[in-house]
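Structure first, then comments.
The values are calculated or read from the model by the stated rules, or taken from the named source; none is laboratory data. The structure presented is a predicted model; accordingly, all values stated were derived computationally and were not measured. Note that we place each Cβ from the backbone using ideal geometry, even for glycine, and neighbour counts take in every protein chain shown.
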Amino acid sequence: MTTQNRWHAGRATAAIAVTLLLASCTKTVQVEGSLPTPKVRQLPAEVGVYYSDAFRAFMHEERVPENGTWKIAIGEQNVRFFRRLLPAMFDSVTEVASPELAATGGFDGIIVPEVVKYGFLTPNVSGLNFFSASIHYEITILDANGEKVGAWTIVGYGKSEAGVLSGGREAVMDATLLAIRDGGARLAIELIERPKVVAWLGLGEEDGETAN
């Protein structure tokens, strides 16, 4: 084997080793940061909110080709955000230990948020120079008798420029924070447009009863 061939073979071996190393590593992202609260009209209701253990501890784990395994912890940030969001939406908000307290706690209803799906894309997968994230919330409302008013899926999206020095961790965190903020804004705006929510709150036509 000539010197040039050995050099090319060495480069190929090094490239394979780097690829295997990246594929075997685990990147952990603890999503945290400050998010603004949407400014909306408060709805005339005193509600309880139940954060399940799954919601509080939500973590997404995914193996990405040529990029290793990602573990993205979202639960704590979700709880922090909803603790600011819901008081901006309702006259009174109290955290409860069980959704069953709807019928005995003197509330107009109980709000139960859950994360049903989270996803993200790296530049290696999308071919674009940014990371993107999406988060699907399911928001369930129980009335004062514990009966289900309805459940709605709210989806938030976010993206962030690819980060080199952090291996993409900061970009994934930023994209996820933007997805949480977007989901919260959509929730605050769209919830009052739901006819079942309008009926639950007893709002008149001038307050949006004719919304679809």
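Among GLU62, GLU114, which is acidic (Asp, Glu), part of a strand (DSSP E or B), buried (at least 17 other Cβ atoms within 10 Å of the Cβ) and on the phi < 0 side of the Ramachandran plot? Let's see the steps before the verdict.
Numbers: GLU62 fails: buried (at least 17 other Cβ atoms within 10 Å of the Cβ).
Only one candidate passes the filter, namely GLU114.
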Quickly run through the stretch 122-136 and pick out the residues that are modelled with pLDDT of 95 or more, over 11 Å from LYS159 (Cβ atoms) and not hydrophobic (A, V, I, L, M, F, W, C). HIS136
Going through the stretch 101-111 in order, the residues found to be exposed (fewer than 15 other Cβ atoms within 10 Å of the Cβ) and within 25 Å of ARG41 (Cα to Cα) are GLY106
Within the stretch 34-85, track down each residue that is out of contact with any Phe, Trp or Tyr (no Cβ under 9 Å at 6 or more places or on another chain), among the polar types (S, T, N, Q) and closer than 12 Å to PRO113 by Cβ. SER52
Just checking, does the stretch 9-27 include any residue being crowded, with 19+ Cβ neighbours inside 10 Å, at pLDDT below 95, among the aliphatic types (A, V, I, L, M) and out of contact with any Leu (no Cβ under 7 Å at 6 or more places or on another chain)? no
Identify, please: which residue in the stretch 121-180 is surrounded by fewer than 17 Cβ atoms within 10 Å (Cβ to Cβ), of a type in the set (Gly, Ala, Ser) and in a strand (DSSP E or B) and is, among those, farthest from the chain's Cα centre (by Cα)? GLY150
Residue count for the stretch 65-81, restricted to those that are loosely packed, with under 14 Cβ neighbours inside 10 Å and either among the acidic types (Asp, Glu) or touching a residue at least 60 places away in the same chain (Cβ under 8 Å) (or both): 2
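Picking from GLY109, GLY119, which residue would you name as being of a type in the set (Gly, Ala, Ser), in contact with a Ser or Thr (Cβ under 6 Å, 6 or more places away or on another chain) and modelled with pLDDT of 90 or more? Please lay out each step first, then the result.
Values: GLY109 fails: in contact with a Ser or Thr (Cβ under 6 Å, 6 or more places away or on another chain).
Unique residue meeting the criteria: GLY119.
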Give the residue that is surrounded by the fewest Cβ atoms within 10 Å (Cβ to Cβ), with candidates limited to residues of the stretch 83-100 that are farther than 21 Å from PRO36 by Cα and out of contact with any strand residue (DSSP E or B) (no Cβ under 6 Å at 6 or more places or on another chain). ALA97
What number of residues within the stretch 85-105 satisfy the criterion of being out of contact with any Gly (no Cβ under 9 Å at 6 or more places or on another chain) and either on the phi > 0 side of the Ramachandran plot or part of a helix (DSSP H, G or I) (or both)? 4
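Out of all the residues in the stretch 183-196, is one or more more than 24 Å from TRP70 (Cβ to Cβ), touching a Pro at 6+ places or on another chain (Cβ under 6 Å) and not in a strand (DSSP E or B)? Before you say what the answer is, go through the steps one by one.
Applying the first criterion (more than 24 Å from TRP70 (Cβ to Cβ)) to the stretch 183-196 yields 185-196.
Filter once more, keeping what is touching a Pro at 6+ places or on another chain (Cβ under 6 Å): 185, 188.
Restricting the remaining residues to those that are not in a strand (DSSP E or B) gives 185, 188.
Yes: one or more hits.
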Members of the stretch 33-51 that are touching a helix residue (DSSP H, G or I) at 6+ places or on another chain (Cβ under 9 Å), surrounded by 14 or more Cβ atoms within 10 Å (Cβ to Cβ) and either within 30 Å of LEU101 (Cβ to Cβ) or without any contact (Cβ under 8 Å) to a residue 12 or more places away in the chain (or both): LEU35, THR37, PRO38, VAL40, LEU43, ALA45, VAL47, GLY48, VAL49, TYR50, TYR51
